[in-house]
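The values are calculated or read from the model by the stated rules, or taken from the named source; none is laboratory data. Predicted model, so just to flag it, every value in this text is computed and none were measured. When we count neighbours, we look across all protein chains shown, and the Cβ atoms used for this are built from the backbone with ideal geometry, even at glycine.
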Amino acid sequence: MEKFLAEAVSLLAGQVPHDKEQLLSELETPPDPELGDFAYPCFRLAKILRSAPAKISAELAGKITPAPYFSRVEAHGPYLNFYCDRRLLTAETLSGIFAGKERYGWKDRGFGRTVVIDFSAPNIAKPFGIGHLRSTVIGQALYRIYQALGFRCIGINHLGDWGTQFGKLIVAFLRWGDAQHLEEKPIEHLYDLYVRFHRAAETDTALEEEARAWFLKLENGDPEARRLWLLFRTLSLEEFKRVYTQLGVQFDYYQGESFFNEMLGDTVRLVEEQGLAKVSEGALIVSLDEDGLPPCLLRKQDGATLYATRDLCAAIYRQRMFNFDRMLYVVGADQALHFQQLFAVLKKMGYQWAEKCVHVPFGLIRFKDGKMSTRQGTLIFLEDVLARASELAAGIIAEKNPKLPDKEKVAGQVGIGAVIFADLGNDRVKDIEFEWEKVLDFSGETAPYIQYAHARTCSILRKAPDWDGSYDAALLTCPEEQQLVSTLARFGQAIERAAETYKPSVIARYLIELAKEFNKFYHQCPVLTADSLRRASRLGLVAATRQVLQNGLSMLGIAAPDEM
Ligand code: ARG
C-alpha cells in the first residue's frame with residue numbers, strides 16, 4: 001500500500017501548496033471501502049484558499065490524472081477519494097508478501113537510529129505481578145515493532161533489585177527465614193517474609209530501624225548484607241527467567257537498579273555542582289517548583305539513595321552508552337509523576353535529550369474471576385495465571401479437536417497467546433477487565449480467534465500439496481477477495497501507527513480485522529473446489545494471509561500453531 005500512498009501524495013503535491021510529509025500525515029483511511037482507499041480532507045486547504053472544502057475537492061478531482069496507480073480519484077463532499085487500481089494493488093500486494101516473507105511490512109526508515117526500551121522490571125523478592133506482565137508484553141511488542149521499522153532496539157530490564165526493601169528482607173530472613181524453603185520457592189518465601197515483616201513492624205517499631213541499618217550496610221558493601229542480597233537476587237531472577245521463557249521474552253541487558261550503585265555518587269555530585277540540589281530537612285532534593293511538580297528526592301536524611309536517584313543515573317548512563325534517539329519507559333500509569341520529575345531534572349541539568357525520553361504508561365488489569373485473585377493477600381502470581389490459561393485451553397482443545405497431535409504444546413501456545421492478547425488487544429491506557437471465558441473465546445476478539453484463522457489457512461494449504469505457488473492476481477475480483485487484499489496491503493501502515501502511538505493494540509486490532517476478512521472470504525469463496533486457475537489464485541491469497549497473520553502474531557509475541 002505504501003507505493004500507492006506515495007503516489008497519492010505525489011499527485012496531490014503537484015496541485016496543493018503543502019509539502020509531501022504534511023500531505024502524507026493528512027491522508028486518511030475512509031471508514032467504508034465504497035469511499036476509496038485513501039481520502040484527502042480539504043478543510044485545511046479551504047482555510048488557506050478561503051474557499052469551500054467541497055469546491056476544492058471537486059476542483060482537485062478535475063485536475064488529477066489517476067492512472068496508472070488509481071482507477072479513479074473522486075470528490076465526495078469535502079473529501080477527495082482515491083481508488084487504487086485493483087489489479088495493480090492485488091498484484092503488488094501479493095508479490096510484496098511473497099518476496100518479503102517473514103519480513104513483509106518491515107522498513108528501513110529507522111536505520112542508524114536507536115530506541116532504548118525499558119520494560120518488565122519486576123522487583124526482586126516480590127512476585128512477578130500482572131502489572132509487570134503488562135510492561136513485559138507491551139515492551140516486547142514495541143521492541144519488535146521498532147525493529148521492523150529498522151531501528152536498533154535495546155531492551156533493558158531495570159530490575160528492582162535495590163532499595164530499602166532489602167534491609168527489611170534481610171532482617172526478616174535472619175529472624176524467620178528458612179534456607180531450604182528459600183532455595184525451593186524463593187519468591188514465595190521472600191514474599192512471605194516481606195509480608196510478615198510489615199505485620200510485625202506495626203507493633204515492633206524497632207524493626208524499621210533495624211531494616212534501615214541493614215540497607216545502609218548493604219549500600220556500604222558489608223559482606224554479610226551483600227551475600228544475602230545476592231542470594232535473594234539470584235534465586236528470584238531464576239524464577240523470573242522461567243516466566244520470560246514461557247512468554248518468549250528476551251532482553252539485551254539486565255541492568256537493574258543495583259547496577260548503578262557505584263555511579264550514584266557521581267550523579268549526585270553532578271547535580272550538586274550545577275547548583276540544582278539543596279538540603280531540606282536533612283535530605284537532598286531538587287526543587288521542581290518552576291515545573292509545578294513536587295521536589296525530586298535524591299538522598300534521604302540517613303544517606304540512602306532512592307529509586308529516582310537510580311533512574312537519573314541510569315538515564316545518563318544509557319544516553320552515554322547507546323546514544324539513543326528515543327527512550328521508552330514502559331511502566332504503569334501510577335508512576336507518571338515519577339517520570340515527570342525525572343525528565344524535569346534531566347532538563348534542568350541541561351540535557352537536550354531529555355525530550356527523547358517518553359513514559360509509555362498503561363492501566364490496570366482487574367480479574368473478574370475471584371479464584372485467580374489471591375494466593376497470598378491481593379497479589380496475582382503470573383505463573384498461576386499462565387498455568388491456568390494453558391489448562392483451560394487444553395480443555396477447549398480436548399473438546400474441539402481431540403485428535404490433535406502435540407495437544408499440550410498447542411494448549412500452552414493458545415493459553416499464553418490468549419493472556420498476551422487480553423493485554424495487547426486493548427488500548428494500553430485503559431484498564432482491563434480480565435475474564436477467562438472472554439479471553440479464550442474462539443469466536444470473540446481474541447488470540448485464539450486469530451490463531452484459528454491462521455490454522456485454517458494452514459489446513460487449506462495442506463490440502464493442496466499439488467499447488468506450485470503460481471497464481472493470477474487478475475482473477476481475484478470478488479468483493480471479499482478485494483477486501484482481504486486491501487487489508488493485507490495495510491499491514492505496513494498498522495506497524496507505523498503502532499510505533500507512532502506506542503500502541504501494540506494497533507497491530508492487535510489489525511489482526512482481528514484481517515482474521516475477520518479472511519473468514520468472510522473463506523465462507524464466500526470456495527478455494528479447493530474452484531476451477532483450476534481460480535483455485536490457484538485463491539490459494540495464493542490464502543498463503544499471503546497466512547504469512548501476514550504469522551508476521552503480526554509474532555510481532556505481538558503470540559505463537560501461530562499450524563493446527564489447533
Ligand atoms: N521496578 C519498578 C516497579 O516495579 C519499575 C521500574 C521501571 N523502570 C524504571 N526505569 N523506573 O515499580
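Scanning the range 180-200 for residues that are basic (Lys, Arg) and without any contact (Cβ under 8 Å) to a residue 24 or more places away in the chain gives 185, 199.
If you go through the range 313-335 and keep only what is more than 23 Å from residue 146 (Cα to Cα), surrounded by fewer than 21 Cβ atoms within 10 Å (Cβ to Cβ) and touching a residue at least 12 places away in the same chain (Cβ under 8 Å), you end up with just 335.
Considering each of 142, 182 in turn, give the residue that is closer than 19 Å to residue 359 by Cβ and assigned to a helix (DSSP H, G or I). Steps first, answer last, please.
Details: 182 fails: closer than 19 Å to residue 359 by Cβ.
So the residue among 142, 182 that is closer than 19 Å to residue 359 by Cβ and assigned to a helix (DSSP H, G or I) is 142.
A search for C-beta distances below 6 Å between a residue of the range 99-128 that is within 16 Å of the ligand (Cβ to nearest atom) and any residue that is among the aromatic types (Phe, Trp, Tyr) and assigned to a loop (DSSP other than H, G, I, E, B), counting only pairs 6+ apart in sequence or on different chains, returns 115/151; 116/324; 122/128; 127/381.
Only one of the numbered conditions (1) modelled with pLDDT of 95 or more; (2) surrounded by 21 or more Cβ atoms within 10 Å (Cβ to Cβ) is not met by residue 440, and that is (1). Filtering the range 1-28 to residues that are out of contact with any Ser or Thr (no Cβ under 9 Å at 6 or more places or on another chain) and not in a helix (DSSP H, G or I) leaves 14, 15, 16, 17, 18, 19, 27, 28. Taking the conditions exactly as written (more than 24 Å from residue 253 (Cα to Cα) and either within 11 Å of the ligand (Cβ to nearest atom) or more than 30 Å from the chain's Cα centre (by Cα) (or both)), does residue 286 satisfy them or not? So residue 286 passes the test.
Do you know which of the residues in the range 131-154 that are touching an Asp or Glu at 6+ places or on another chain (Cβ under 6 Å) and surrounded by 22 or more Cβ atoms within 10 Å (Cβ to Cβ) is nearest to residue 207 (Cα to Cα)?
Residues of the range 131-154 touching an Asp or Glu at 6+ places or on another chain (Cβ under 6 Å): 134, 137, 150, 154.
Applying the additional criterion that residues be surrounded by 22 or more Cβ atoms within 10 Å (Cβ to Cβ) yields 134, 137.
Working: 134: 34, 137: 38 Å.
My answer is 134.
Of all residues in the range 310-364, those that are outside any helix (DSSP H, G or I), of a type in the set (Gly, Ala, Ser) and within 10 Å of the ligand (Cβ to nearest atom) total 1. Looking across the range 223-273, just one residue is closer than 16 Å to residue 185 by Cα, acidic (Asp, Glu) and surrounded by 14 or more Cβ atoms within 10 Å (Cβ to Cβ), and that is 239.
If the condition is being among the small types (Gly, Ala, Ser) and more than 10 Å from the ligand (Cβ to nearest atom), then the range 140-162 contributes 141, 148, 150, 155. Per this entry, residue 549 is counted among residues that are out of contact with any strand residue (DSSP E or B) (no Cβ under 6 Å at 6 or more places or on another chain) and either of a type in the set (Lys, Arg) or in a helix (DSSP H, G or I) (or both).
A Cβ distance below 8 Å, combined with a sequence gap of six or more or placement on separate chains, defines the contacts here; from the range 52-76, residues that are of a type in the set (D, E, K, R) reach residues that are not in a helix (DSSP H, G or I) in the pairs 63/15; 72/66; 72/83; 74/36; 74/80; 74/81; 74/83.
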